[in-house]
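Right, one structure below, let's go through it.
The values are calculated or read from the model by the stated rules, or taken from the named source; none is laboratory data. Computed from a predicted structure; not experimentally measured. Note that each Cβ is placed from the backbone with ideal geometry, even for glycine, and that neighbours are counted across all protein chains shown.
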Amino acid sequence: MNENIPRILLVSTRVTAGSVPLEIGFRAITPKIIAGGPVEIEAFVINNSGSPLKLFISADRLRLRPAQYSFEAYFEDILIDDPMADVPFMGGPEGNVIVSAENPWRQLILLNEYVNLENLLHLMLNGTTGVMNLSCNYSLKYASIANDDLYQNEKVIQLKLSLKIYRDDEQLKKLSKKLYNDCLQKPLNTHSLSLLLSLRSAATDLIKKLIKHPNTDVANQALLAYNSFF
């Protein structure tokens, strides 16, 4: 793999929602992406005007992830599939956030919930690097502050990131173990729990251990994750 291929870690575009100018984008925030490891992306909407805007937000009840986003990831022209591709969309909680010049909307997204990133372990040799091209899609729905109910549908915003991937099995093992140990601490580190469960088959043994966690909620989440890839 050509080490000189440029990475694109932040991308945005300017659109108009009604008469309100917005900047919408995605930013990779995981400092070093290890094949099979967790990848976090920040999605953002910035209001560049003095007029507040109401953004529609929702969650996917069955897939357990934000519903306005979708991603397509390619590694050397090979599509990496969605782990929830066979799960039907059945709606979920809905709400809104007010976006103003003083209060941009930022959402942390765990890419592993949308893409089977553990498949990279089958596409790369240990010790090598590669580039994953990621199409990031956001469905924009908005309303004026004066209108509580009417959300207007806009086209899907599609932007592309290009992420450098390192296959380092020893580093992945260390990271997985750290996340597991975090889950044993009190108070529970829910962020580390989410990251570990998102690794799926890349951390099978550690997820299986969490099934015996004294916290029933953690144990149930681990069991659900474990059963999802067997």
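Please specify each residue of region 185-207 satisfying the condition of being without any contact (Cβ under 8 Å) to a residue 40 or more places away in the chain, in a helix (DSSP H, G or I) and surrounded by fewer than 19 Cβ atoms within 10 Å (Cβ to Cβ).
Those that are without any contact (Cβ under 8 Å) to a residue 40 or more places away in the chain, in a helix (DSSP H, G or I) and surrounded by fewer than 19 Cβ atoms within 10 Å (Cβ to Cβ): Thr190, His191, Ser192, Thr204, Asp205.
Yes/no per residue for (1) outside any loop (DSSP other than H, G, I, E, B); (2) touching a residue at least 12 places away in the same chain (Cβ under 8 Å); (3) not aromatic (Phe, Trp, Tyr):
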residue	(1), (2), (3)
Glu42	yes, yes, yes
Lys54	yes, yes, yes
Arg63	no, yes, yes
Leu79	yes, no, yes
Met84	no, yes, yes
Gly92	no, yes, yes
Gly130	yes, yes, yes
Lys141	yes, yes, yes
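Check Asp182, Asp168 and return the single one that is surrounded by 13 or more Cβ atoms within 10 Å (Cβ to Cβ), within 30 Å of Phe75 (Cα to Cα), modelled with pLDDT of 95 or more and not hydroxyl-bearing (Ser, Thr, Tyr).
Residue meeting the stated conditions: Asp168.
Exactly one of (1) closer than 27 Å to Phe71 by Cβ; (2) buried (at least 18 other Cβ atoms within 10 Å of the Cβ) is unmet by Gln158. Its number?
Every listed condition holds for Gln158 apart from (2).
Residues being touching a helix residue (DSSP H, G or I) at 6+ places or on another chain (Cβ under 8 Å) and part of a strand (DSSP E or B): count how many of those fall in region 26-40.
2
Pairs please, first residue from region 208-219 and in the same structural domain as Ser198 (by TED's automatic domain parsing), second anywhere and aromatic (Phe, Trp, Tyr) and surrounded by 15 or more Cβ atoms within 10 Å (Cβ to Cβ), Cβ atoms under 6 Å, 6+ apart in sequence or on different chains.
Close Cβ pairs (under 6 Å, with a partner that is aromatic (Phe, Trp, Tyr) and surrounded by 15 or more Cβ atoms within 10 Å (Cβ to Cβ)) amount to Lys208/Tyr226.
Among the numbered criteria (1) of a type in the set (D, E, K, R); (2) assigned to a strand (DSSP E or B); (3) buried (at least 18 other Cβ atoms within 10 Å of the Cβ), which one does Glu118 miss?
Here Glu118 clears every test but (2).
Could you grab me the full set of residues in region 138-165 that are touching a Lys or Arg at 6+ places or on another chain (Cβ under 7 Å) and modelled with pLDDT of 90 or more?
Across region 138-165, the qualifying residues are Ser162, Leu163, Lys164.
If you check Ala17, Ala35, which single one turns out to be under 23 Å from the mean Cα position of the chain (by Cα) and either surrounded by fewer than 20 Cβ atoms within 10 Å (Cβ to Cβ) or small (Gly, Ala, Ser) (or both)?
Residue meeting the stated conditions: Ala35.
Is it true that Ser135 is in contact with a strand residue (DSSP E or B) (Cβ under 9 Å, 6 or more places away or on another chain) and either at pLDDT 95 or above or among the β-branched types (Val, Ile, Thr) (or both)?
Judged against the criteria, Ser135 is a match.
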